[in-house]
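Novice: Can you read through this structure? Questions will come right after.
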Amino acid sequence: MREGETFLFDCGEGTQRQMMRYGVAFSLRDIFFSHMHVDHILGMVGLVRTMALQGREEPLRMWGPPGSSRMLRRAETFGPDRLDFPVEYRELQPGDTVSRKGYEIVAFAADHVRTPALGYALVESLRLGRFNPERAREMGVPEGPLWGRLHRGQRVTLDDGREIDPSDLVGPTRPGRKLVVTGDTRPCEATVEAAAGANLLVHEATFADEEAARAAETGHSTAREAAQVAARAGVSQLVLTHVSARYSRDVSDLEREAREVFPTTQIARDGAEYEIAFPDALTEPSADASQLPVRASS
């Protein structure tokens, strides 16, 4: 969720039940699919019908890798009922960007057993530099619209004829935040590049070291391999997801193996929330200190 906007990455069986359990609104506008294996799309059938029963009228956009539209359309038309709201299908190639106000979602190539697969990076735009109100008052710039224009990079002229340049009052631009979700994948260079400097990387970790050969065979990653990707990319936090059911009772081995490489690692748990603050959040004015809550499941 970003500033009230909810994104769903993949839609496995039981998704709507979990959304209801943890209070996630069904008003989301976008679902991003990493690939078309059934365990990542099966929940769509029930979710869109619940949306229809709730009287939804707004379009729902579904994004996926090449060839995904055909499969998703089949899921939409499963059963005799038809939806009363439009569903739009958009296929993305690695490197394609979905641009929105203040951020963009960039698709990158994942590596998953000869199946077209994507990961996604949510990248916020650069933020304006800090405005110096004390200096503005010292320079005789009246508080109000002129402050806003200067903060937006516009040169202004005062009543006494003086011209004030934004560089006199506004600091350098500041980075936004970056969240990266891999979907199912082997560790790959594309993920390292997409996740470079990310605040949070959500990477699959299906197996522990003992099943490294099985991970390679099935196009998945071990916890240690995911941690190596995080370390190479220089991310701030790593959350491991898509954990095999064989570890459902005890994930301590996965956590230990990952933390040996990348200490700031957590295992995703159902309903867990991870808030991504701006890098300078401790000194941010309250109006610019919004959070990017991420809810991940195991």
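Only the coordinates and a few stated rules stand behind these numbers; no lab work does. None of the values given here were measured: they were computed from a predicted structure. Cβ placement follows ideal geometry from the backbone for every residue including glycine, while neighbour counts extend to all protein chains displayed.
Novice: From the backbone phi of segment 236-250, what are the Karplus-calculated ³J(HN,Hα) couplings (6.51 cos²θ - 1.76 cosθ + 1.60, θ = phi - 60°) in whole Hz, Gly and Pro given as x?
Specialist: Couplings: 8, 9, 10, 10, 9, 9, 6, 6, 4, 4, 5, 9, 4, 8, 8 Hz.
Novice: Sequence gap at least 6, Cα distance under 8 Å: using those rules, report the relative contact order of the chain to the nearest whole percent.
Specialist: Normalised by residue count, the contact order of the chain is 13 percent.
Novice: Among Ile105, Gly144, Asn132, which residue has its Cα furthest toward the positive end of the charge dipole of segment 97-186, with +1 on Lys/Arg Cβ and -1 on Asp/Glu Cβ?
Specialist: About the Cα centre, the residue reaching furthest to the positive side is Ile105.
Novice: For the chain, take the alpha-carbon Rg, divide it by the Kirkwood Rh, and send me Rg/Rh.
Specialist: Ratio of gyration radius to Kirkwood radius: 1.06.
Novice: Further, regarding this structure: Please report, in debye to the nearest 20, how large the charge dipole of the chain is about its Cα centre when each Lys and Arg carries +1 at its beta carbon and each Asp and Glu carries -1 there.
Specialist: 480
Novice: Between Thr182, Thr206, Thr15, find the one with the highest GNM mean-square fluctuation for the chain; connect C-alpha pairs within less than 10 Å.
Specialist: Among Thr182, Thr206, Thr15, the largest GNM mean-square fluctuation belongs to Thr15.
Novice: Moving on. Give a residue-ordered list of calculated ³J(HN,Hα) values for segment 90-106 (Karplus: 6.51 cos²θ - 1.76 cosθ + 1.60, θ = phi - 60°; whole Hz; x for Gly, Pro).
Specialist: Each residue's phi maps through the Karplus curve to give 10, 9, 10, 9, x, x, 5, 10, 9, 8, 9, 5, x, 6, 9, 10, 10 Hz.
Novice: Just to be sure I understand: with springs between alpha-carbon atoms less than 10 Å apart, which residue in Leu126, Leu200, Leu146 has the highest mean-square fluctuation in the Gaussian network model of the chain?
Specialist: Leu146
Novice: Still on this model: When only alpha-carbon atoms are used, what values of Rg and Dmax, in angstrom, describe segment 116-231?
Specialist: 23.7, 75
Novice: Next question. Amide H to amide H, which residues 5 or more places from Thr6 or on other chains are under 5 Å from it, using H placed in the peptide plane?
Specialist: Long-range HN contacts for Thr6: Arg29.
Novice: Magnitude of the Cβ-charge dipole of segment 1-91, K/R +1 and D/E -1, about the Cα centre, nearest 20 debye?
Specialist: Value, rounded to 20: 160 debye.
Novice: Restricting attention to the alpha-carbon atoms of segment 1-91, what are Rg (one decimal) and Dmax (integer), both in Å?
Specialist: Looking at segment 1-91, its Cα Rg and Dmax stand at 12.2, 37 Å.
Novice: Next question, about the same structure. For segment 215-276, what is the charge dipole size about the Cα centre, in debye to the nearest 20, if Lys and Arg each add +1 at the Cβ and Asp and Glu each add -1 at the Cβ?
Specialist: Charge dipole of segment 215-276: 100 debye, to the nearest 20.
Novice: Now a separate question. For the chain, set up a GNM with springs between Cα atoms under 10 Å and report which of Leu169, Leu47, Leu83 has the largest fluctuation.
Specialist: Leu169
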